[in-house]
Structure formats: structure tokens, C-alpha cells
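For reference, the structure is listed below as C-alpha cells.
The values are calculated or read from the model by the stated rules, or taken from the named source; none is laboratory data. Note that this is a predicted model, so its numbers are computed, not measured. With ideal geometry, Cβ positions are generated from the backbone for all residues, glycine too; neighbour counts draw on all protein chains shown. All accessible areas refer to the heavy atoms of the entire protein, side chains included, with ligands and DNA or RNA removed. Shrake-Rupley method; radii C 1.70, N 1.55, O 1.52, S 1.80 Å.
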Amino acid sequence: MSRLHVELPGLSMKNPIMPASGCFGFGKEYAEFYDLSELGAIAIKATTAEPRFGNPTPRVAETKSGMLNAIGLQNPGLHAVIQQELPRLAAYDVPILANVAGSEMEDYIEVAEMISKVENVHALELNISCPNVKKGGIAFGTIPEVAAELTREVKRVSSVPVYVKLSPNIADIVTMAKAVEAAGADGLSMINTLLGSRIDIRTRKPILANQYGGLSGPAIKPVAIRMVHQVSQAVDIPIIGMGGVQTVEDVIEFLLAGASAVAVGTANFVDPMICPTLIEQLPDMLDELGADHVQDLIGGSWREACNVR
Amino acid sequence: MSRLHVELPGLSMKNPIMPASGCFGFGKEYAEFYDLSELGAIAIKATTAEPRFGNPTPRVAETKSGMLNAIGLQNPGLHAVIQQELPRLAAYDVPILANVAGSEMEDYIEVAEMISKVENVHALELNISCPNVKKGGIAFGTIPEVAAELTREVKRVSSVPVYVKLSPNIADIVTMAKAVEAAGADGLSMINTLLGSRIDIRTRKPILANQYGGLSGPAIKPVAIRMVHQVSQAVDIPIIGMGGVQTVEDVIEFLLAGASAVAVGTANFVDPMICPTLIEQLPDMLDELGADHVQDLIGGSWREACNVR
Amino acid sequence: MQKKRGTLTVVAQHEIARNIFELTCRGELVQQMREPGQFLHVKVDPYEDLLLRRPISICDVNLETSEMKMIYRAEGVGTKRLSAKSDGVEIDALGPLGHGFPLDAVQPGDHALLVGGGIGVPPLYYLAKELVKKGVEVTAVLGFQSKQDVFYEQEFQELGSVYVATVDGSYGVKGFVTDAIDQEVAAFDVLYACGPTPMLASLTERYRERKAFLSFEERMGCGIGACFACVCHVESDPEGATYRKVCTDGPVFPVGEVVV
Amino acid sequence: MQKKRGTLTVVAQHEIARNIFELTCRGELVQQMREPGQFLHVKVDPYEDLLLRRPISICDVNLETSEMKMIYRAEGVGTKRLSAKSDGVEIDALGPLGHGFPLDAVQPGDHALLVGGGIGVPPLYYLAKELVKKGVEVTAVLGFQSKQDVFYEQEFQELGSVYVATVDGSYGVKGFVTDAIDQEVAAFDVLYACGPTPMLASLTERYRERKAFLSFEERMGCGIGACFACVCHVESDPEGATYRKVCTDGPVFPVGEVVV
Ligand SMILES: Cc1cc2nc3c(=O)[nH]c(=O)nc-3n(C[C@H](O)[C@H](O)[C@H](O)COP(=O)(O)OP(=O)(O)OC[C@H]3O[C@@H](n4cnc5c(N)ncnc54)[C@H](O)[C@@H]3O)c2cc1C
Ligand SMILES: Cc1cc2nc3c(=O)[nH]c(=O)nc-3n(C[C@H](O)[C@H](O)[C@H](O)COP(=O)(O)OP(=O)(O)OC[C@H]3O[C@@H](n4cnc5c(N)ncnc54)[C@H](O)[C@@H]3O)c2cc1C
Ligand SMILES: Cc1cc2nc3c(=O)[nH]c(=O)nc-3n(C[C@H](O)[C@H](O)[C@H](O)COP(=O)(O)O)c2cc1C
Ligand SMILES: Cc1cc2nc3c(=O)[nH]c(=O)nc-3n(C[C@H](O)[C@H](O)[C@H](O)COP(=O)(O)O)c2cc1C
Ligand code: FES
Ligand code: FES
């Protein structure tokens, strides 16, 4: 077994690196830069039952060491994803994590049931940051009971393991993580974006047409590291860590915090080659840190045995 | 009345700029750089009933466009603040906002009652981000009912207006803001720091001795702007906005978002002259934006009349 | 897999009008810049506070010297930093990206009208050169705010007729490019334009039935089609889920294809 | 109000040992650098991704030319960026900050022992020069990891006797500075030291009763006493609320004053 290999529920990964959902489309664009089979896994763009155009533009704004996005879950809909996007990805030797979104419990269930049956979908990632229309727009991801119920329902219909993608916009991430673990989640993805805004001082209006958007990039890494560190010590399911990863040192930091794999989001926009570059740099980094295997680092910031060597 | 003057409960400010609590000590150090009377107000370091040493070091860590701190509310205690620090500040023509902290309701009440009686204390700022020892370490600032109760109790004993300083580490900042407003808060300060962490990949340990710390600086500005934008539309009390202010454009962004005054924290460490520099730059910026008065900008991103001009 | 990312070395940088900079760079990547109207996605510097790349049009290309030019307005923090780069500095660029102006829409002997507004002028220059090379007659109508903002009038003059409009009337025709077209331009076979949205909107209204190609701007994330930041509606389904991406389907679209 | 912030212009920068850089700067601020052992709080560059300043000791000062030297190890991201600065670049510095080594603790004719470990060596150089100027005899014991890390041996030799220790024994005495002291140094009137915490701890243990001054390191925010980042306990109240700030009360403390 290679020193980079990690084994997560449903995802047998050559290495711990995957692009994060929404930051890699369905892979087509990046396939022009490198062979997608090099990746540990791919998290595809959020899929909803129906096609969605998403929010009006501008949809992105830059912030210091970060960016805001309010794409609004634009995607071609479940049918097109199954018919067109997933078959194209089947050409690569890489497990797929299908990000599932919706505005009602039923939407999630429909998408989860159907998409989990596709041969090259190896796991689902429930995007619980979406506002629940029926519950007055409150995000599924802010109330542990609601998130747990959603997890349970999706687990019931899914043919593959289910990861729940946690939103950082809450006071107590540990309670949330435990609730979805208890509801049957096979793993966690964290973190999604922090809710933010920027105002254009000349137009006096928010830059984003949607007013608010999700903050990602290096700016949020400390929040992500803190949450992974807290949650990994409180749950028994693996964590896909993300938020601001740009360098191989960032990857190590997430592993030490307690992530079993690491997703790279915004950095793909800055450097389309970032994922293969990080994968290439990992072995030397392991040597430098005196680690035989990526797995020796997981949770190393709090696991005693790990710190001793 | 000067174009920079703003009038807030208890704080008659020559200009909308004040240093943020904990980032300015009790002013002594900055008095070596400029005349403190130039400032709109001063938020002094959190004061607790007893002297506190705070957390072990390292207490700060750098993050991309931000920093983490876990000072742990080090301060000389109520008595020394009243005897030594406040009298020294009385020499300046500047209103003082006294930041009050504690780990029990009674601590807050004691400090609030005593410190609010000091002549040159013009308002209190309740730091509700502190963990409540009796309630199992849950921060006062994460549960609206608890924050409201604290606000009510402090209002009861305070001789001056009370600002409540909100923590951003919650899902629903608007509910929190409304709860403390209903409990009698005269104003809001927002935001305090986001909880974060960094791990040293060589030692494999969190850089901060305390493991977690508060994230401040430009990295968090989008979160602060979003929260000020949301809350200012939902409450009728004024907001002192803060989080990542470094430039005069940032000041304007906070005003447009809905802040009535702006506090500058971390930037003082980078540039000790930042506050007077911003104050000096404001009039030209108003000219450039075609604004007669700072007050014309407050809430300009959502107040219709303001956008028309 | 064609290489789409490279390092460009600054060869020269000049302020050619008020806040308008002409940046000349050299690098291997230039060999791929064969389609006028494409753009580069530029990382202003290696520092991470300005996280995103900036889209800047390719203004001129010299395949023999492997040199290319960009022209940009130093307005925001990124373009201001870019304007401080001096000779020898290396710039990380992604591109050439997107679909440019279709050259096969004109025949030798045809008359092409090129309409540029402000910072939309640059991509038209490389286009003009390629059109002239092909034997197409070129007329350029360039609009600016004021006399101090005018640039590249001379350069376009070497390739065909040029009419300048300024909003304040301090130079050329007073008013917008459309005023200059009305006063100066008789006929044309194809229209190519790049400029601010109101300009594109009025050109769309006027020339919807003509052979016309417009270059659009939108805030971008990736620049390569992956993030869905730069999406616009199409006229045939203005409220629906059909879309075009400015970064990959555009920035140049036939008139009437996308909602301005 | 004495001005404590200024711009220093890079005059020269050299790598003088493995990853060790000597940076020479010129500026008005230098005129205030009269106390060996003080430090500058340096903003590595104007970009905001590296938000905080870096504390770097003043290593040498030439009041006539208004030039000063810093020596630092390029290890983290900030010092690496600093090492790329070339002549003419301007650096924003706060300082001189803190309390340095007390020169009045020695009399002409006294013998001072200066003990430096690795990147703790630099501030001792300016100290050595000032001591020699005062007529004090100087012996320097400098500790490094390995031969490739040794720097400034020659410079100290011009001022007095020098003994070098390397941990791996590849140069000088094998072992720590304390081994070199044991082997080479007979007596001294006052000890001045700067280096890693374990070194300061063992010097404290040995020389607690002597006249000794140690320079401490702590992560800093403001560097001027306002943020309480750099606080340490005092030996007389090791668990209590009494404290010293490394940035303003230190970085140099009499032995036994603060908890190592
Ligand atoms: C296809 C295309 C081609 C372009 N060609 C040119 C050109 O040749 N010359 C030129 O001067 N400008 C051109 N622009 C506009 C140019 O991209 C912006 O002026 C530039 O990004 C502003 O960056 P800044 O850092 O100065 O501003 P900031 O406001 O600091 O930028 C912050 C963020 O907003 C984005 N942004 C701000 N304004 C615009 C804008 N108008 N369009 C797109 N993104 C924006 C930036 O890219 C960045 O991500 C082009 C835009 C597009 C989409
Ligand atoms: C009073 C004083 C004097 C110093 N003098 C020198 C000197 O003359 N030469 C020299 O090479 N080094 C000196 N140091 C250490 C120097 O400050 C650090 O090596 C430097 O800050 C590391 O910055 P970085 O960006 O390379 O590392 P990073 O790890 O990227 O720095 C991140 C943050 O941590 C801080 N930090 C990291 N390591 C240290 C450290 N050891 N001490 C304090 N802060 C740290 C940085 O200042 C920055 O805020 C001194 C430290 C102090 C407190
Ligand atoms: C443009 C953009 C689109 C995103 N879309 C999705 C999405 O569809 N589903 C999802 O779960 N997360 C989405 N995210 C969040 C990312 O997957 C990731 O959690 C977050 O950006 C933090 O990682 P980063 O800092 O590396 O970008 C999106 C992020 C960005 C920047
Ligand atoms: C070192 C440090 C100490 C702080 N101490 C306090 C404090 O004692 N009380 C308080 O309410 N906020 C404290 N804060 C929070 C700031 O007042 C401010 O809310 C926050 O840092 C965001 O602003 P900034 O990004 O401008 O720093 C502290 C912040 C820092 C960086
Ligand atoms: S900019 Fe990312 S899809 Fe166009
Ligand atoms: S670094 Fe701020 S008090 Fe010492």
C-alpha cells in the first residue's frame, strides 16, 4: 500500500487529496490540465433534483485572502448529471463523492436515492447548508435535530456511504457532528463556507447581487482547523477536512488536526494544477516530517502516540 | 457640528473611530505615538473583578490576513483599573467605553456597577464571549436568553449606557441582537473574534498554548460586514462595527453596512498610528463619495434615501 | 493537454493615458495567443491577500518576438499593484482563455466596424491587425470619458479610419460611440465591439439584426468554466436554466445571444 | 513623543551562513538605536497576507552612516520573504523597542562574558562593540548546530576572545555553549546572553547568583506593550498575576527575574 493511500467509507483513495464540491465543476475543465485519475477522489458540484440557474451576477467578490461566492447551486439537475456528467467521469480511475443539495427534505431524498445508484458514485456528501424553504429559510445545517433527520432519511435510501458536510456558521459544531453521527452518517466534510458580505463603497451596494455569500479561501483556514480539531476528538467517523488549503503544509495541518482526507476548493481557481501539485509534494513532506505514511499524521495534534515519534 | 461627529448613547464622538477593546491596552502605549484626544472614543481592555494573568504563552499566532489571540483577558483587575488606568485617561478629552468581562453573572454585575460610576467612563461594553464557568463553559454570547439576562442585570446596576459586544460564533446573530436590545441594551458592538486554531506542523501541536484563539484582522471583515448589515436592519439601537478595519475604505464599508461608529483592533499592532491616520483621511474620503457628513453614510447600503444621492 | 498556464516576463510598462497602463510581456505562452478577443487570467503577484486572478484582454501579440501587450486601467487594488511591476518581473498568467472575435465572419474586401468603449478598446487592436492582414477594411470608433483618457488613436489610425468620441466633448465627437457612428460611419459588413454594459446594450438594440459580435465582462472566479461565477442568461430563455459562461463560451458572443 | 516608526532602506543583504542573512539598512531611525539588545518590529512587506510584524534584534549600528544591521534565519514565510529584498527596497520598522543589555552593569576593566546561541548571537555583537568602547574586556561564547551555521566568529574575534561550540562537533567545542564555557572560560564579572530557551534555562541555573542578563523571546503582537501577547511570569510570583512584558520590560531581564 502506498504511503499516501487512505481508506474512507466508500472512498478508496490513492492519496488524501480531492477537489472540493463546487470548485471543480464536474471535472471537465480540469481534465484539460491533468489526468483526473491522479486525484484521491472528486467531489462533484452540488446536484439538485431540477436544473438550477442559480443567483444573479455578480456572484463572486474578493476579500483579503479569501473570496465570497453566491453561485446559488447552479447545476444542470439530477437527470443531466446522471446522463452526461457522471458517465464522462467514469473514464477515470477515481472515486466520486456526489454532493447533494435541495430546499426540501424530499429533494435531498430524491437526488440521494437516484444518484447513489450510479456505478461510479462511491459516496454522497450532503450539503446541509442550503436554506430549507418549508422551514422558513432556516438552513438544515444550523439545527442538529433537523440535520440528523435529514441524514437518517438520506441514509435510508442511499446505496453508498453518506458524508454530511457541516456548515461553520453555528455556535456548537461538536453537537452538530455528534447528532449526524448518531443519525448514521458515515463521515463528515467540513467546513463549508462562512457567511459574509462586501459592500462596494462607490455604488453603496453589496458587491454580490445576492448580498451575502460564502467566504472561502485561506482566510477561513483557522476556523476550519479549529472545528476539525474539536470534532475529530468527539466522533468516531472520518472527516474530510477543507477550508483554505493552498499548500502542502496546509494539507498536513488538516491531517494533524484530525482530518483523514483533505479537499481543496478555492485554490483550484488560482492554480488549476494545485491538486496534482500537492499530491506530488506530499511524499517529500512526509520525509521531512519523519512520517512513513499519511495515516501516521491523522489526528497527530491530539493523539498521544502520534506526537511521541 | 463637524462632518465627522457622531452621537451615540453615552459617547459623544468627534469622529467615528475608536480603538477596539484589548487592542489598545489602557491607552498608555499609544499615547507615546499621538494625542489620545484625537480619537472618537477609546474602548479599554476587558476588566474583570480580580486581576488575571490570562493564558500561558504563546498567546498569538499569525494566519493569512489575520491573527489568532488567546490572551485570556489578562488585566490588573477592577480596583487597579479604577485607581490607576482610568485616572490617567481622564487627562484626555475622549469618552471611554469600558469593556466588562467575567465568568459569572455576579462578576459582570460587580464590575459594571463599580466601573460605570467612574467619572470618565461614558459607557460599558459587555464582553459576552466569555465562557460561563457555572454553565459548563458555554459562552454567554451563544444563547440569546442568557445574553439577555446578563444585559438586563447589568443595565439594572450601570450608571451609563450599556453596549453588548456580540460574538460571531453563532448561527443567528439577528435573534441574539434583538434579544439583547429587548433586554435594554443601548447599543451593540460587533463583531468579536471568530474561534480558530493553527497547528505547527513540526511540533504537531496547536501554536497557541490554549489550543484555540480568537481570529481577528482583515480575514474576518466579510463576516463582520454581513452581520452588521443584517443586524442594523433588524434593531433600532446603534452599532459600533469592527472586524478587520485597516483602511479608510474599510471604515466606509462598515458605515454603509449600518455601523454608526467603527472600532479598529488588530490594525493597531501593525500600525500604531492607524487611528489618527484614518481620522485624517475621512474628510477627503467623504468628499470623494459626495457625502457631507459621516452620518449620511450610516446604513447607506440598505437605506433607500441614502443610495439615491 | 495544451499548456494554458505560463510565466510572462515584463518587458515594458508605460502609463499611456490617465491611469491607463500598457504592459508588454514576453513568454512562451504568447505563441498560443492567436485569436483576438481572448483574455489572460492574471495573478497580480504571488501574495495571497489578493487571492483571485484578474481577467485582462490580450491587446496585441507579436509571435516573432513572443511578446504581447495588455492595456488596463489601474483602478482597484490589483491593477494598481500590477502597474508597479517593472522590467524583469515575472507574472503568472492563465490563458489564452475564452472565445474571441470570429475572423471567419468577414471576407477580404469587407468593411468591419470596431467599436470600443474605454477599457474595452484594447482587444480590438489585435483584432484590427488580424483583419487588416486578411484584407478587411477597418473603421474604429473609440469612446472615452475625456481627452485625458484617450489612448491608441494613433495605433488604430495606422490600420484604418478612426473616430473618437468623448463624453465631455473635450476631444473628437461629443457624446457616446453611437453618436460618433451616426455622424461618421456610413456602412459596414460586420460589427465587433467591446465596452461597458450600457454601450453593449445600445449596440444590441441598434444592430440586433446585423452581423455583430460583442465582448462581455463579468466578475470571474476560475476563468476556465468550472466555478459558474460568470454565467449569463440567453435571450431565448431569459429566465430559465439555460446559460452561457463568459469565460469559456465568451467573452465574445454574437449579438442577441446572451442577455445584456 | 519620540518617533518610533520609520522607513529603512536596504543597502545590502548577504547569506552569511546556511539560511542566515545579514541585512544592512539605512534610515533616520538608526539615530535612535543606541542601546544594544533592543529590537525592531519589522513589517516584512506591505502585503496583508502576512499581517503581523516580526521582531528582529538590532545587531550592529553605525551612527555616522545611519546604517544598521540585522541578522536573521530565513525559516518561516516572513523571514523568507525578507531574505528576497534587494538594495533600495524600503522596509517599515517600528523601534528601537524594549530594554536592552544594561551597559552600566560593568566598569571599564571588567570582564564580560557574552553567550549567544544560534540566532541569539546577533544582538550581542552591538553589545560587544559598546563594551569594548567602554574599556570592558569581552569574551564571546557562540553556540551553533553545525559548522555550516556558524557566523560572526571573525567579527567577534576583532573585539575579544571567541569560543565556538557546535552541537554536532563539526567545529569548535563539541556540545553546547555551557560545555565551551566549562572548557574555555575562567572567570567573568558579568554575563550577557541571548539564545534559545533551554540555553537560558541552563544559564539561569548556573549563574542565578551572578550578575547576569538574559534576553528572552516570545511571540508578539504589538511589540509596544499594548496587547499582552508576550507576557511572562516572574520568579517571585510564578503562578500569580504579576508579569513582565518581553516587548517593553524586556527582552533583556536580570537573571532570576522572570520564569524561563
Ligand atoms: C474578459 C474580460 C476582459 C477584460 N479585459 C480588460 C482589459 O483589457 N483592460 C482592463 O483594464 N480591464 C479589463 N477587464 C476588467 C478587469 O478584469 C478589472 O478591471 C480588474 O479585474 C479589476 O481588478 P482590481 O484588482 O483593480 O479591482 P478590485 O475591485 O480590487 O478587484 C476585486 C475583484 O473583483 C474583480 N473585478 C473588479 N472589477 C471587475 C470588472 N470590471 N470585471 C471583472 N472583474 C472585476 C477582480 O477581478 C477581482 O477579483 C476585463 C474583464 C473581463 C471579464
Ligand atoms: C525580541 C526578539 C528578537 C529577535 N531577534 C531575532 C534576530 O535577531 N534574528 C532572528 O533570526 N530571529 C530573531 N527573533 C525571532 C524572530 O522574530 C522569528 O524568527 C520570526 O518572527 C519568524 O518569522 P517568520 O515569518 O519567518 O516565521 P513564521 O512562523 O511564518 O511566523 C509567524 C508568526 O509567528 C511569529 N514567530 C515565529 N517564530 C517566532 C519566534 N521564534 N519568536 C517570536 N515570534 C515568532 C512571527 O513573528 C509571526 O508573527 C527574535 C524574536 C524576538 C521576540
Ligand atoms: C465557488 C464555490 C462554489 C461552491 N459550491 C459548493 C457546492 O455546490 N456544494 C458544497 O457543498 N460546497 C460548495 N462550496 C464550498 C466548498 O466545497 C468548500 O467547502 C469551501 O469553499 C471551503 O474550502 P476552500 O477554502 O478550499 O474553498 C463552494 C465553494 C466555492 C468557492
Ligand atoms: C489581542 C486581542 C485582544 C482582545 N481583547 C479583547 C477584550 O479584552 N475584550 C473584547 O471585547 N474584545 C477583545 N478583542 C476583540 C477586539 O476588540 C475586536 O472585536 C476583534 O479583534 C475584531 O476586530 P479587528 O479585526 O479589528 O481586530 C481582542 C482582540 C485582540 C486581537
Ligand atoms: S469564471 Fe469560473 S466559470 Fe467562468
Ligand atoms: S507584544 Fe504586545 S504586549 Fe508585548
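So the values come out like this:
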| read-out | value |
| --- | --- |
| Fraction of beta bridges assigned by DSSP in chain C that are antiparallel (%, nearest 5) | 60 |
| Among A:A91, A:G66, A:A49 the positive-end extreme of the charge dipole of region A:1-118 (Cβ point charges) | A:G66 |
| Label spacing, shortest first and in nm, from D:H14 to its equivalents in the remaining copies (7 angstrom along Cα→Cβ) | 4.1 |
| Other copies of B:G290: label-to-label distances in nm, shortest first, labels 7 Å along the beta-carbon direction | 6.6 |
| Too-long pairs where the Cα-Cα distance tops 32 Å, listed order kept, from A:K28/C:K69; C:K133/C:K245; A:K165/B:K155 | A:K165/B:K155 |
| Gyration tensor over alpha-carbon atoms, region A:3-118, equivalent ellipsoid semi-axes in Å | 23, 20, 14 |
| Sites B:A90 and B:Q281, calculated FRET efficiency, Cβ-Cβ separation with R0 30 Å, nearest 0.05 | 0.55 |
| Potential extension, C:Q154-C:E28 segment - 0.36 nm per residue separation minus Cα distance | 42.5 nm |
| Average beta carbon contacts from partner chains per residue of A:16-26, 10 Å cutoff | 2 |
| Solvent-accessible area buried by pairing B with D, both sides, nearest 100 square angstrom, 1.4 angstrom probe | 2800 |
| √(5λ) per eigenvalue of the Cα gyration tensor, chain B, largest first, Å | 27, 22, 21 |
| Amide H partners (placed H, <5 Å) of C:I16, local residues excluded | C:F21, C:E22 |
| All lysines inside 17 Å of C:K147 as judged from Cα atoms, apart from same-chain residues fewer than 8 positions distant | C:K174 |
| Gap separating the Cα centres of region A:166-220 and region D:10-89, nearest whole Å | 40 |
| Teacher prompt: D:K174 distances to equivalent labels in other copies, 7 Å Cα→Cβ, nm | 9.2 |
| Label-point gap, in nm, between B:Q83 and D:E205 - each point 7 angstrom along Cα→Cβ | 3.9 |
| Anchor B:K64: lysines whose Cα lies under 23 Å away (excluding residues fewer than 8 positions away in-chain) | A:K64, A:K221, B:K205, B:K221, C:K43, C:K80, D:K43, D:K80, D:K85 |
| Electrostatic dipole magnitude of region C:181-250 [Cβ: Lys, Arg +1; Asp, Glu -1; Cα centre; debye, to 20] | 180 |
| Three-way shape call for region D:149-199 based on the alpha-carbon gyration tensor, with the a/c threshold at 1.5 | rounded |
| Per residue accessible area in Å² of region C:70-215, where ligands, DNA and RNA are left out and the probe is 1.4 Å | 41 |
| Whole-angstrom gap from region C:97-158 to region B:59-119, using each part's C-alpha centre | 64 |
| Karplus-derived 3J(HN,Hα), 6.51/-1.76/1.60, for each residue of region B:42-57, Hz, glycine and proline x | 9, 9, 7, 4, 3, 10, 10, 4, 9, x, 10, 7, x, 7, x, 8 |
| Integer Hz, Karplus 6.51/-1.76/1.60 couplings in order for region B:142-152, x for Gly and Pro | 9, 10, x, 5, 5, 4, 5, 4, 4, 4, 4 |
| Region A:161-261, accessible area per residue, ligands and nucleic acids excluded (1.4 Å, Å²) | 22 |
| Order by protection proxy (mean Cβ within 10 Å, highest first), peptides D:61-74, A:173-186, B:218-231 | B:218-231, A:173-186, D:61-74 |
| Carbon plus sulfur fraction of accessible area for chain C, probe 1.4 Å, in percent | 47 |
